[in-house]
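Single-structure report; data block below.
The values are calculated or read from the model by the stated rules, or taken from the named source; none is laboratory data. Quantities reported herein were computed from a predicted structural model and do not represent experimental measurements. Backbone-built Cβ (ideal geometry, glycine too); neighbour counts: all protein chains shown. When the accessible area is computed, the model is the full protein with side chains, heavy atoms only, and any ligands, DNA or RNA have been set aside. Shrake-Rupley method; radii C 1.70, N 1.55, O 1.52, S 1.80 Å.
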Amino acid sequence: ASMAVRRLSAAVARGRHDYVVVGAGSAGCVMAHRLAKEHEASVLLLEAGGSNRGSWDSWKNLMPAALTFNLANNKYNWDFHTVPQRHLDGRRLHEPRGKILGGSSSLNAMAYIRGHALDYERWAKEIGSEHWSYKHVLPYFRKAQRHLDADTSSPYRGFDGPLAVSRKRTAAVRAINDAFVKAGMQAGYAHTEDQNGYQQEGFGQMDMTVNDRGVRSSTAEAYLWPLLADGRAASKVTVATRSFANRLLFDGHRVVGVEATDENGNTHKLLAEREVILSAGAVGSPQLLMLSGVGDAEELKTHGIEALHHLPDVGKNLQDHLEFYIQYLAKHTSLYPYAATLPGFGPLSKYMFRQPWRALTAGAMWLLAGTGVSATNHFEVGGFIRSAAGRQHPDIQYHFIPGCVVGQLEFLPQHGYQAHCGTLRPTSRGTVRLASKDPRAAPLIDPNFLATKEDVVDMRNAFKLTMEIMRQPAFDEFRLRPFEPAEDFDHKSDAAIDAWIRSNSHSGYHLSCTCAMGRVVDAEGKVLGLDGVRVVDASVMPSMTSGNLNAPTVMLAEKIADAMRGKRLPAQEDVGWYEPADW
């Protein structure tokens, strides 16, 4: 399998390929897999980063509990930041993006959340195609999924797909995880058996993309490596790492290939017999279009780029989730004994565990048996609620974590727990713009967080509802005292709450919607007004789904891969979804 993964070179460039896919991330690995196996097409898959296997530190990408290692450094990560956010005290927020096989699915927190059925009913209207409604997308969620639950009766789950999805109940922290679900119910919310099934609303266990060996189920692990182990299909695929895409190559209004630079600075022309597929993500795909002269002609002119095709919505409509952490110190029961490290040792601090014997035991259990505290993302429970009357489906999401964090996701060396909370359908819209015509210059990412009054009010309501949940008696045996915000915080003051949110909120790392279907691409990802190029990644979402974005990104790649050969799975007419009668 490793023979098919090589660094970009002149020999690679000489090959003939039906498709060139830019970006071996969450969507790109799916596209390569389906194009080779189902279309029987030849594929050149380009990745700017390296492999997720074969390095001394590959365990960081494969061990679920090691997720913070790669979010906080730039080895496997584009490590972007936003421009200063006007409505967040001028702060620049961190926006990690995967630069590795698997893309952001090799870095993310592995939460498998599909969103709400009504998100897709909305998509169908926004795109102008009924084929993006819930009954049409559900079969593709199922096609992708291999749920490891023993009960295979659910009409919402898939059990034969590449993407492993599981649930965990880690013994060391099970009691405090259960307390969060109980607290949600004590606050008057429902319990839900499956947040990806009939009823998203309520509190319960979360699904995660972790396989039966306790390994992160990135799209590299789920789609790409199994493809490369399949002799017949593998012969059709070349994976070129350390490949930096500079621009698209045109013949008139047809895209015929990609110009890319290898790690030695040599430039190569990589030609596609049929199509170029951009799967570089919600930052990279619009950036590459704009560098190639596809975008707002006036904006391109300011950078000295000739506009080959005026398409003003490229890079517009940027959406992202904004989140905050409500944290408490605990009397006992948390991840701190396993995760807390010693500060003051620079890059080595990440490895200087305060209780090294526990960390070594946890690592050994994962390595030998794929079990224990290292085999989970520790987002084992969560919840979805509605912030106010008039909300038809949940607009607040919780991830519960049995630990407190400070700074760049460093575990506090004390017992603690937190509710990680964010609103799901913000009305603020931002942009991805070029900083310059230099392909290596990081683009200007501006989510424009909290630009609308509605978003400010929704975040304030989310804060108040979260505090109510965290004060429930289910936490009495664990709660020591508030950590963030502190004990003396004025919870009755809207101004104080708003100010705290402005200075303490973070991106949920859900950048999306910058090449939206209906605005930049059509309902099958084809760039409007051009031939031979389509976009397939989170950038084509017309609006964000209500939850984490990785599962929907994999789904839409599966769906577009089928559409490219004129195929559609039959709509699933037999399932509905929960809507409260009194919303």
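Distance between Cα centroids, region 369-413 to region 177-198: provide it in whole Å.
13
According to a simple spin-label model (label point 7 Å from Cα along Cα-to-Cβ), what is the distance in nm between Arg16 and Lys492?
7.9
Restricting attention to region 125-222, which GluC sites (Glu not before Pro) occupy a DSSP loop and are surrounded by at most 14 other Cβ atoms within 10 Å? Numbers along the way, then the final one.
On the way: sites: Glu126, Glu130, Glu193, Glu201, Glu221; in loops: Glu193, Glu201.
When the GluC sites (Glu not before Pro) of region 125-222 are filtered for loop state and at most 14 Cβ neighbours within 10 Å, Glu193 remain.
Where only protein heavy atoms count, and the probe is 1.4 Å, what is the accessible area per residue for region 1-97 in Å²?
38
For a Förster distance of 30 Å, can you work out the FRET efficiency between the beta-carbons of Leu148 and Glu477, rounded to the nearest 0.05?
Numbers: r = 32 Å, r/R0 = 1.05.
FRET efficiency, Leu148 to Glu477: 0.45.
Which whole-number percent gives the relative contact order of the chain, counting Cα pairs below 8 Å spaced six or more residues apart? Before the final figure, lay out each step's value.
Details: 1420 pairs, mean separation 130.1, N = 583.
So the answer I get is 22 percent.
Keeping every protein chain in place, order Phe203, Phe379 by accessible area at 1.4 Å, biggest value first, i.e. largest first. Don't skip to the end; give the middle numbers.
Details: Phe203 0, Phe379 20 Å².
If we order Phe203, Phe379 from most to least accessible, we get Phe379, Phe203.
Under 16 Å from the Cα of Lys559, which lysines turn up, not counting those fewer than eight places away in the same chain?
Lys37, Lys135, Lys143, Lys526, Lys567
Residue separation times 0.36 nm, minus the C-alpha to C-alpha distance between Leu409 and His253: what's the value? List each step's numbers first, then the result.
Numbers: separation 156, 0.36 × 156 = 56.16 nm, distance 4.60 nm.
The span from Leu409 to His253 would gain 51.6 nm if fully extended.
Restricting to DSSP H runs of at least four residues, report the calculated mean residue ellipticity at 222 nm for the chain, -39500 (n - 2.57) per run over all residues, nearest 500 deg cm²/dmol.
Working: 16 runs with 144 residues, N = 583.
So the calculated ellipticity at 222 nm is -7000 deg cm²/dmol.
When the chain is fully extended, how far beyond the present Cα-Cα distance does Asp531 get from Gln392, taking 0.36 nm per residue of separation?
Values: separation 139, 0.36 × 139 = 50.04 nm, distance 3.97 nm.
Gain on extension, Asp531 to Gln392, equals 46.1 nm.
For region 474-542, I need the span (max minus min coordinate) of the C-alpha atoms along each principal axis, in Å, sorted largest to smallest.
Principal-axis extents of the Cα atoms in region 474-542, largest first: 61, 30, 15 Å.
Counting Lys and Arg as +1 and Asp and Glu as -1, each charge on the Cβ, what is the dipole of region 494-582 about the Cα centre in debye, to the nearest 20? Present the calculation step by step, with values, prior to reporting the outcome.
Values: 8 positive and 12 negative charges, 100 e Å.
Computed charge dipole of region 494-582: roughly 480 debye.
In whole percent, how big is the carbon plus sulfur part of the accessible area of the chain, probe 1.4 Å, protein atoms only?
On the way: 10930 of 21470 Å².
Of the solvent-accessible surface of the chain, carbon and sulfur hold 51 percent.
So, counting K/R as plus one and D/E as minus one, what does the shell of residues with Cβ under 13 Å around Arg440 add up to?
Values: positive: Lys99, Arg247, Lys437; negative: Glu263, Asp438.
Computed value for this residue: +1.
Starting from region 459-565, pick out the trypsin sites (Lys or Arg not before Pro) whose DSSP state is loop and whose Cβ has at most 14 other Cβ atoms within 10 Å.
On the way: sites: Arg460, Lys464, Arg471, Arg479, Lys492, Arg502, Arg519, Lys526, Arg534, Lys559, Arg565; in loops: Arg471, Lys492, Arg519, Arg565.
Sparse-neighbourhood loop trypsin sites (Lys or Arg not before Pro): Lys492, Arg565.
Express as a percent, rounded to the nearest 5, the fraction of DSSP beta bridges in the chain (both residues included) that run antiparallel. Don't skip to the end; give the middle numbers.
Working: 56 of 85 bridges.
For the chain, the DSSP antiparallel bridge percentage is about 65.
Place a +1 charge on the Cβ of each Lys and Arg in region 1-148 and a -1 charge on the Cβ of each Asp and Glu, then give the dipole magnitude about the Cα centre in debye, rounded to the nearest 20.
Values: 21 positive and 12 negative charges, 53 e Å.
So the dipole magnitude of region 1-148 works out to roughly 260 debye.
Just to confirm the filter: which chymotrypsin sites (Phe, Trp or Tyr not before Pro) across region 465-549 are DSSP coil and have at most 15 other Cβ within 10 angstrom of their Cβ?
Values: sites: Phe475, Phe478, Phe483, Phe489, Trp500, Tyr509; in loops: Phe478, Phe489, Tyr509.
Loop-located and lightly packed - Phe489.
Kindly sort Asp313, Asp490, Asp119 by accessible area of their heavy atoms, largest first, with the probe set to 1.4 Å.
Largest accessible area first, the residues go Asp490, Asp313, Asp119.
Near Gln195, within a Cβ-to-Cβ distance under 15 Å, what is the net charge of the other residues, with Lys and Arg +1 and Asp and Glu -1? Please report the intermediate quantities before stating the final value.
Working: positive: Arg114, Arg157, Arg167, Lys168, Arg386; negative: Asp119, Asp149, Glu193, Asp194, Glu201, Asp207, Glu380, Asp395.
Spelling it out: positives minus negatives among the neighbours equals -3.
What is the distance in Å between the Cα centroid of region 495-524 and that of region 81-97?
11
Note down the magnitude of the dipole of region 132-226 about its Cα centre, charges +1 on Lys and Arg C-beta and -1 on Asp and Glu C-beta and zero elsewhere, to the nearest 20 debye. Kindly include the intermediate steps, with their values, before the conclusion.
Working: 12 positive and 10 negative charges, 32 e Å.
The dipole of region 132-226 has a size of about 160 debye.
Among residues other than Gly98 whose Cβ falls under 14 Å from its Cβ, what is the net charge (Lys/Arg +1, Asp/Glu -1)?
On the way: positive: Lys60, Lys75, Arg97, Lys99, Arg216; negative: Glu47, Asp79, Glu95, Glu221, Asp537.
Taking every other residue near Gly98 into account, the sum is 0.
Which residue, chosen from Ala369, Leu322, Gly295, occupies the Cα position most advanced towards the positive end of the dipole of region 254-389, where the dipole is computed from +1 (Lys, Arg) and -1 (Asp, Glu) charges on Cβ about the Cα centre?
Among Ala369, Leu322, Gly295, the one farthest towards the positive end of the dipole of region 254-389 is Ala369.
What accessible area per residue comes out for region 198-289, rounded to a whole number of Å², with a 1.4 Å probe? Present the calculation step by step, with values, prior to reporting the outcome.
Details: 3070 Å² over 92 residues.
Solvent-accessible surface per residue comes out at 33 Å².
Going by average Cβ density within 10 Å per residue, which order do the peptides 271-279, 75-83, 7-15 take, highest to lowest?
Working: 271-279: 23.8, 75-83: 19.3, 7-15: 15.3.
Ranking, from highest mean packing down: 271-279, 75-83, 7-15.
Considering only protein heavy atoms, what per residue accessible area in square angstrom results for region 128-197 with a 1.4 angstrom probe? Each step should come with its number before you reach the end.
Numbers: 2780 Å² over 70 residues.
Accessible area per residue, region 128-197: 40 Å².
Lys/Arg Cβ at +1, Asp/Glu Cβ at -1, dipole of region 176-326 taken about the Cα centre: which of Thr192, Tyr223, Ala240 is farthest positive-ward?
Ala240
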